[in-house]
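**Student:** Sharing a structure below in structure tokens format, with a few things to ask.
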Amino acid sequence: MVGLAATIASCSDVPAPYELNFDPTAAYTMPYKNASLQNNFNTVTVNGVAWSLGSTYAKASGYNADDKSYIATEAWLVSPAINTTTTENAAYLSVDYVVRYGSKTEADLKNNHRILASTDYTGDVTKATWTDLGFTPEQSNDWTFKTKDIALPEGLVNKERVVFAFVYKSGDKQAECSTWELENFCVKAGVPATDEPAPTPDPTPTVEPAGEGTLASPYNVAKALAIINAGTYTSDEVYVSGIISQIDEIDTEKYGNSTYYISDDGKTPTQLEVYRGYSVNGEKFKAADEIKVGDKVVVLGKITLYKETPEFAQGSKIVSLNGTGGTVEPTPDPTPTGDNLLTNGGFETWADGIPTGWKSASSASNATLAQSTTAKSGTYSVLVEGATANKRLASAEITLASGTYKFSVFYKSAEAGVSGSIQLGYAPVDAEGKASYVYSNNYVDSSDDWKEQTNTFTLEAETKLCLVVMNSKKPGKSVLIDDASLYAVSAASAKKR
């Protein structure tokens, strides 16, 4: 381990004045533990997205969930000072972490997730001398935390003040943007027990899938995960019971929703994400303590798979909280009325290599299409080629009256065993022919079998638009689309022209 001067952006790039949560002359004694990395920790954002502090952990990510963008980021999370004086002449740092969605190369993982230490930090990360502790994270396919013990080099032991920094970096592309979560930060005297055999953990109890998905017999989390992993989930709302195992955020100001997780045993290894769900009876969250880890809940909503994450789609609601409640009924699935408003929804007629009625005058139509004889019904379907960028199959423009509409397609993988990913939406087109995009909450992955995906949306006023099936750049594989339909479900004056 060697000391190195911090080589980041100049001081003018770092927010100032610094809001210090510690006394620069003070230091905590060992052993020091901070489970959530919050109290007395400081965040410094050189650029991009700051570290966020959840209820039990700290998180860094350059992903902006509001507009689904990726932001080039350099963000620091700095610990309070710790006195490492010890008669053992040895000390080590221990922290639990998980890294997901980042680069697959070891060099990038190491460069984008650094753990540093300094003996002369007083509030400005650009003026301190930092020692790199040589941390290289392992990437995970789920949210199971790993424990990392790092022996401190001689120059950081028996010091009055040692400050540690977790430095996160990301690019502005999905492949360059990871999520890094930390908890259970400790500094202890002695050496890590890396050479000692780890105790045999208690076997994880196997929970059998159970329940019917009804209010009287809700699914347990094991059953919900089994349904999602089998790819047989639908757009119907179901009830799932569980114990809150993790809370990411509770928004009490703008949207009034929360992202949290439930599991059958209240622990994190096998859990189901509840993405931006609402409180009891579908009310908005008004206080940050309305739910907490350990609460028993029954949640009502649509279960799905968003990329690799099994989850409740946005808009779910808590039916029962610690046994209170239990009267919320599912939102009725809207019943279509009238005729299919889409032209050539079965993709049976073609002209110049394009299915009739499926060419937007705007830039919404940007996918390469091909006629396929693998059809859900009739003779043909349309193959939407995958690419390294998002590609859209878009209908010709139609004008719809205000009201609620149900847009549905059947989809499957174009190549056996090669899964693609689609998302449904619509694109209002302005007077200048420019399109903006409004998508449903979730991507869905294709399989070798035809499956239906539905997007129900409401227009507040008469709108000129085209319907859109987006083939996601991740993984960027070709998909087949057939039997598209658009029906009015609550608009007596619904029309197209």
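**Student:** Identify the single condition in (1) closer than 30 Å to Lys173 by Cβ; (2) out of contact with any Leu (no Cβ under 7 Å at 6 or more places or on another chain); (3) small (Gly, Ala, Ser); (4) part of a loop (DSSP other than H, G, I, E, B) that Ala367 does not satisfy, given that it satisfies every other one.
**Tutor:** Of (1) closer than 30 Å to Lys173 by Cβ; (2) out of contact with any Leu (no Cβ under 7 Å at 6 or more places or on another chain); (3) small (Gly, Ala, Ser); (4) part of a loop (DSSP other than H, G, I, E, B), only one is false for Ala367: (2).
**Student:** Then there is this: Please verify whether Phe164 is part of a strand (DSSP E or B), among the aromatic types (Phe, Trp, Tyr), under 21 Å from Trp51 (Cα atoms) and touching a strand residue (DSSP E or B) at 6+ places or on another chain (Cβ under 6 Å), treating the condition exactly as stated.
**Tutor:** Working: part of a strand (DSSP E or B): yes; among the aromatic types (Phe, Trp, Tyr): yes; under 21 Å from Trp51 (Cα atoms): yes; touching a strand residue (DSSP E or B) at 6+ places or on another chain (Cβ under 6 Å): yes.
Yes, satisfied.
**Student:** For the range 285-327, name all the residues that are charged (D, E, K, R) and in contact with a Phe, Trp or Tyr (Cβ under 8 Å, 6 or more places away or on another chain). Write out each step before concluding.
**Tutor:** Restricting attention to the range 285-327, the residues satisfying the condition of being charged (D, E, K, R) are 286, 289-290, 292, 295-296, 302, 307-308, 311, 317.
Within the range 285-327, Lys302, Lys307, Glu311, Lys317 meet the criteria.
**Student:** Only residues that are surrounded by 18 or more Cβ atoms within 10 Å (Cβ to Cβ) and in a strand (DSSP E or B): list them for the range 437-450, please.
**Tutor:** Hits for the range 437-450 are Val444, Asp445.
**Student:** Moving on to the next point. Among Ala389, Ala396, Ala431, which is the only one that is within 20 Å of the chain's Cα centre (by Cα), aliphatic (A, V, I, L, M) and not in a strand (DSSP E or B)? Talk me through it step by step, then tell me what you get.
**Tutor:** Details: Ala396 fails: within 20 Å of the chain's Cα centre (by Cα); Ala431 fails: within 20 Å of the chain's Cα centre (by Cα).
The conditions single out Ala389.
**Student:** Before we move on, is Val469 aliphatic (A, V, I, L, M) and touching a strand residue (DSSP E or B) at 6+ places or on another chain (Cβ under 6 Å)?
**Tutor:** The answer is yes for Val469.
**Student:** Filter the range 388-440 down to residues that are touching an Asp or Glu at 6+ places or on another chain (Cβ under 9 Å) and aromatic (Phe, Trp, Tyr), then give me how many there are.
**Tutor:** 2
**Student:** A further question follows. Could you please let me know if Ser258 is touching a residue at least 12 places away in the same chain (Cβ under 8 Å), under 30 Å from Ser408 (Cα atoms) and within 20 Å of the chain's Cα centre (by Cα)? Let's see the steps before the verdict.
**Tutor:** Details: touching a residue at least 12 places away in the same chain (Cβ under 8 Å): yes; under 30 Å from Ser408 (Cα atoms): yes; within 20 Å of the chain's Cα centre (by Cα): yes.
Criteria met by Ser258.
**Student:** Given (1) modelled with pLDDT of 95 or more; (2) closer than 27 Å to Lys473 by Cα; (3) of a type in the set (Val, Ile, Thr), where does Thr388 come up short, assuming only one miss?
**Tutor:** (1)
**Student:** Within the bounds of the range 135-145, is there any residue that is modelled with pLDDT of 85 or more and within 20 Å of Asn40 (Cβ to Cβ)?
**Tutor:** No: the range 135-145 contains no residue that is modelled with pLDDT of 85 or more and within 20 Å of Asn40 (Cβ to Cβ).
**Student:** Before we move on, is Thr122 surrounded by 14 or more Cβ atoms within 10 Å (Cβ to Cβ) and within 22 Å of the chain's Cα centre (by Cα)? Can you show your working first?
**Tutor:** Working: surrounded by 14 or more Cβ atoms within 10 Å (Cβ to Cβ): yes; within 22 Å of the chain's Cα centre (by Cα): no.
For Thr122, the condition - surrounded by 14 or more Cβ atoms within 10 Å (Cβ to Cβ) and within 22 Å of the chain's Cα centre (by Cα) - is not met.
**Student:** I'm checking my understanding of the structure. Among residues of the range 167-191 that are of a type in the set (Val, Ile, Thr) and more than 17 Å from Leu116 (Cα to Cα), which one is surrounded by the most Cβ atoms within 10 Å (Cβ to Cβ)?
**Tutor:** Within the range 167-191, the first condition is being of a type in the set (Val, Ile, Thr), and the residues that meet it are 167, 179, 187, 191.
With more than 17 Å from Leu116 (Cα to Cα) added as a condition, the list becomes 179, 191.
Values: Thr179: 17, Val191: 15.
Here the answer is Thr179.
**Student:** Go through the range 271-310 and give me each residue that's in a loop (DSSP other than H, G, I, E, B) and either of a type in the set (Asp, Glu) or surrounded by 17 or more Cβ atoms within 10 Å (Cβ to Cβ) (or both). Talk me through it step by step, then tell me what you get.
**Tutor:** We begin by selecting, within the range 271-310, every residue in a loop (DSSP other than H, G, I, E, B); these are 271, 281-295, 302, 307-308.
Result: Gln271, Glu283, Phe285, Asp289, Glu290, Ile291, Asp295, Lys302, Glu308.
**Student:** If we scan the range 455-470, do we find a residue that is polar (S, T, N, Q), under 20 Å from Gly345 (Cα atoms) and surrounded by fewer than 21 Cβ atoms within 10 Å (Cβ to Cβ)? So that I can check it myself, show each step before the final result.
**Tutor:** Applying the first criterion (polar (S, T, N, Q)) to the range 455-470 yields 455-456, 458, 463.
Okay, now just the ones that are also under 20 Å from Gly345 (Cα atoms), so 455-456.
Narrowing the set further to residues that are surrounded by fewer than 21 Cβ atoms within 10 Å (Cβ to Cβ) leaves 456.
For the range 455-470, residues polar (S, T, N, Q), under 20 Å from Gly345 (Cα atoms) and surrounded by fewer than 21 Cβ atoms within 10 Å (Cβ to Cβ): present.
Table: residues versus (1) more than 29 Å from Lys267 (Cβ to Cβ); (2) part of a strand (DSSP E or B); (3) in contact with a helix residue (DSSP H, G or I) (Cβ under 8 Å, 6 or more places away or on another chain).
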| residue | (1), (2), (3) |
| --- | --- |
| Thr87 | yes, no, no |
| Tyr97 | no, yes, no |
| Ala117 | yes, yes, yes |
| Val125 | yes, no, no |
| Trp130 | yes, yes, no |
| Thr136 | no, no, yes |
| Glu160 | yes, no, no |
| Tyr168 | no, yes, yes |
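The values are calculated or read from the model by the stated rules, or taken from the named source; none is laboratory data. Source: prediction; values computed, not measured. Using ideal geometry, Cβ is built from the backbone for each residue, glycine included, and neighbour counts are taken over all protein chains shown.
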